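**Student:** So that we are looking at the same thing, I have put the structure below in structure tokens.
Derivation of every value follows stated rules applied to the coordinates shown; laboratory data play no part. In this text, all values refer to a predicted model and were calculated from it rather than measured experimentally. Every residue, glycine as well, gets a Cβ built from its backbone with ideal geometry; the counts of neighbours run over all protein chains shown.
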Amino acid sequence: MAVYKRPIYTVVAKRLGEPRRFIQVLAGPRQAGKTTLARQLLADFKGQGHYATADEPVLKDRVWIEQQWETARFGVRKSGGKTAGLLVLDEAQKISAWSETVKRLWDEDTAARMPLHVILLGSSPLLVQRGLTESLAGRFETISVSHWSFSEMKEAFGWSLDQYLFYGGYPGAAALIGDHQRWKSYILESLIETTVSRDVLLMTRVDKPALLRRLFELGCSYSGQILSYQKMLGQLQDAGNTTTLANYLHLLAGAGLVTGLSKYSGQKVRQRASSPKLLACNTALLSAMTHLTFDEARRDPEYWGRIVETAAGASLVNSLVGRDIHVYYWAAGNLEVDYVLQRGKDLVAIEVKSGRLKTTLPGMAAFTTANRVKKALLVGAQGIPLEDFLSTDPEAWFKE
């Protein structure tokens, strides 16, 4: 099989072909292909390249960053300055005061007119962004690398829609789907546990780590459903307060595991105070947390319906990271609209027909009566086929 290059490869490669202007920051969840993308860029780069990672058991420090930077500089000097250099630092945000060190070295190269391009990779976007805004203002450009889409998994691995719905968008696990237990263990241990223990707990103060893990499990169990923080407190032991839960859910979202959609109300204050609609960011997380195999899941209408609804929502959330389109849900009494997209004053309302029996009724008529909606979409059943919906850029729904 030919080497697959994600569409984002072209975006980053084009910017590397321009004069040195910004540090390129590729941020996204684990197993989204950031390292593979960087290695592809290094292989095709017309100059001197160097890759180094801080994502190792042995702790690194600021001196390590300086050493790797000097190695990349040496490559440029060795060419007599005739070719540019490319330095890729993976998980640099795990080093204390990394952003100050990067700022100093970048400014030194700018003053010396050193033609060294720099790419930073980070699997904890929240922590990467914190360091960027504190020290590197005006010196960086963030490029979001999200979970793989249905179109990408189909093109790279020949997956069917049902395979994508169950196994999700983790390319590293694609070769393991023939052995369900091995695939499940990989997701649970190499992805979920590694993300929680190395990207969240070690990098951020979490006073109740067991609670954060249980909140993740709850997010998978109730993915696609609205659950108030008070109800979450009732489901979890030693849960503290609603502020703690909201903060932990924010951390899980930043790690690409579980997010909580806000209710659309037209007022930001009311949106922030609303009960969240829990949503796993990758359907593989749901499948790995259940006892069902692929065939068993397909025969279970209730579970398969949850998978379909999660896939539709996760596709919207993942593809819109870093873009000026926001994803919400809407509910009033026993009425609900699954997803609401907002771009400026334009709204797109989306109802997903999954075949699952819901406790709420479709609220499209009520929502369109109360709000000026650009488009009202039905996905599945007699509406837009799910395969087409997952393969379409959400921005297209705002076009005439």
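**Student:** How far apart, in nm, are two points set 7 Å out from the Cα along the Cα-to-Cβ line at GLU217 and at ASP61?
**Tutor:** For the pair GLU217/ASP61, the computed spacing is 4.0 nm.
**Student:** Give the long-range amide H neighbours of ILE143: residues separated by 5 or more places, or on another chain, with amide H under 5 Å away, using H modelled in the peptide plane at 1.01 Å from N.
**Tutor:** When sequence neighbours closer than 5 places are left aside, the close amide H contacts are VAL25, LEU26, ALA27.
**Student:** If one computes the Cα centroid of the stretch 191-242 and of the stretch 334-400, what distance in Å separates the two points?
**Tutor:** The stretch 191-242 and the stretch 334-400 have Cα centres spaced 29 Å from each other.
**Student:** Please list, in order along the stretch 311-322, the HN-Hα scalar couplings obtained from phi with the Karplus expression 6.51 cos²θ - 1.76 cosθ + 1.60 (θ = phi - 60°), rounded to whole Hz, x for Gly and Pro.
**Tutor:** 4, 5, x, 4, 4, 5, 4, 5, 6, 9, 4, x
**Student:** Which loop trypsin sites (Lys or Arg not before Pro) in the stretch 176-255, with loop taken from DSSP, have no more than 13 other Cβ atoms within 10 angstrom of their Cβ? Kindly include the intermediate steps, with their values, before the conclusion.
**Tutor:** Details: sites: ARG182, LYS184, ARG198, ARG205, ARG213, ARG214, LYS231; in loops: ARG205.
Loop-located and lightly packed - ARG205.
**Student:** Quick one: which residues, 5 or more positions from LEU292 or on another chain, have an amide H under 5 Å from its amide H? H modelled 1.01 Å from N in the peptide plane, none for Pro or chain starts.
**Tutor:** none
**Student:** So which lysines can LYS184 reach, going by Cα to Cα under 30 Å and dropping same-chain residues fewer than 8 places off?
**Tutor:** Partners within reach: LYS5, LYS34, LYS94, LYS154, LYS208, LYS231, LYS277, LYS353, LYS358.
**Student:** Still on this structure, I have one more. State, to one decimal in nm², a quarter of the convex hull surface area for the C-alpha atoms of the stretch 7-144, i.e. the direction-averaged projected area.
**Tutor:** Details: hull surface 30.6 nm².
Seen from a random direction, the Cα hull of the stretch 7-144 projects 7.7 nm² on average.
**Student:** Please report, in debye to the nearest 20, how large the charge dipole of the chain is about its Cα centre when each Lys and Arg carries +1 at its beta carbon and each Asp and Glu carries -1 there. Mind showing how you got there, number by number?
**Tutor:** Details: 49 positive and 40 negative charges, 192 e Å.
Once rounded to the nearest 20, the dipole reads 920 debye.
**Student:** Just to check I understand the Karplus step: with θ = phi - 60° and J = 6.51 cos²θ - 1.76 cosθ + 1.60, what whole-Hz values come out for the stretch 77-89, glycine and proline as x?
**Tutor:** Rounded to whole hertz, the list is 5, 4, 7, x, x, 6, 10, 6, x, 9, 10, 10, 10.
**Student:** Sorted by packing (mean other beta-carbon atoms within 10 Å per residue), highest first, where do 343-354, 324-335 land?
**Tutor:** Top of the packing list down: 343-354, 324-335.
**Student:** So if the hydrodynamic radius of the stretch 73-170 is defined as the Kirkwood radius over C-alpha pairs, what does Stokes-Einstein give as its diffusion coefficient at 37 °C and 0.692 mPa s, in µm² per second?
**Tutor:** Numbers: Rh = 16.1 Å.
It diffuses with D of about 204 µm²/s by this estimate.
**Student:** I need the phi-derived Karplus couplings for the stretch 337-344: 6.51 cos²θ - 1.76 cosθ + 1.60, θ = phi - 60°, integer Hz, Gly and Pro marked x.
**Tutor:** Using θ = phi - 60°, the values come out as 10, 4, 9, 10, 9, 10, 10, x Hz.
**Student:** Skipping prolines and chain starts, which residues have an amide H placed within reach, meaning under 5 Å, of the one on LEU86, given they are 5 or more residues away or on another chain?
**Tutor:** GLN48, GLY49, HIS50, HIS117
**Student:** Right, another one. Only bridges whose two residues both fall in the stretch 150-398 count here: according to DSSP, what percent of them are antiparallel, nearest 5?
**Tutor:** Numbers: 16 of 25 bridges.
Beta bridges within the stretch 150-398, antiparallel portion: roughly 65 percent.
**Student:** How would you order 220-228, 64-72 from highest to lowest mean count of nearby Cβ atoms within 10 Å? Walk me through the intermediate numbers first.
**Tutor:** Values: 220-228: 19.7, 64-72: 17.9.
Put in order of decreasing packing, that is 220-228, 64-72.
**Student:** What FRET efficiency do you get for THR368 and SER160 if R0 is 41 Å and r is their Cβ-Cβ distance, rounded to the nearest 0.05?
**Tutor:** Details: r = 34 Å, r/R0 = 0.83.
With a Förster radius of 41 Å, E is 0.75.
**Student:** Give the cross-link partners of LYS14 among the aspartates and glutamates, using a straight C-alpha distance below 18 Å as the criterion and excluding same-chain residues fewer than 8 apart.
**Tutor:** ASP44, GLU141
**Student:** Another question, if that's okay. How much length, in nm to one decimal, is gained on full extension between ASP393 and THR133, taken as 0.36 nm per residue of separation minus their Cα-Cα distance?
**Tutor:** Working: separation 260, 0.36 × 260 = 93.60 nm, distance 2.91 nm.
Length gained, ASP393 through THR133: 90.7 nm.
**Student:** Which semi-axis lengths, in whole Å and largest first, follow from the square roots of five times the eigenvalues of the Cα gyration tensor of the stretch 150-398? Don't jump to the answer; show the numbers that get you there.
**Tutor:** Numbers: eigenvalues 142, 115, 54 Å².
One finds semi-axes of 27, 24, 16 Å for the stretch 150-398.
**Student:** Same structure, new question: From the P(r) of the stretch 192-245, could you give the percentage of C-alpha pairs in the tail past 15 Å? It would help to have the intermediate numbers written out before the result.
**Tutor:** Details: 678 of 1431 pairs.
Everything past 15 Å amounts to 47 percent.
**Student:** Follow-up. How far apart, in nanometres, would the label points at THR242 and SER96 be if each is projected 7 angstrom from Cα along the Cα-to-Cβ direction?
**Tutor:** According to this spin-label approximation, the distance is 3.8 nm.
**Student:** Relative to a virtual label point 7 Å from the Cα of HIS326 in the Cα→beta-carbon direction, which members of the stretch 356-400 show backbone nitrogen distances below 15 Å?
**Tutor:** Flagged as within label range: none.
**Student:** Let me ask something else. Would you mind calculating the gained length between GLU141 and GLN235 on full extension (0.36 nm times residue separation, minus the Cα-Cα distance), in nm to one decimal?
**Tutor:** Numbers: separation 94, 0.36 × 94 = 33.84 nm, distance 4.08 nm.
Length difference between fully extended and current span is 29.8 nm.
**Student:** Hey, another quick one. Above 19 Å lies some portion of the pair distances; for the stretch 341-392, what is it as a whole percent of all C-alpha pairs?
**Tutor:** Values: 444 of 1326 pairs.
Taking all Cα-Cα pairs of the stretch 341-392, the fraction more than 19 Å apart is 33 percent.
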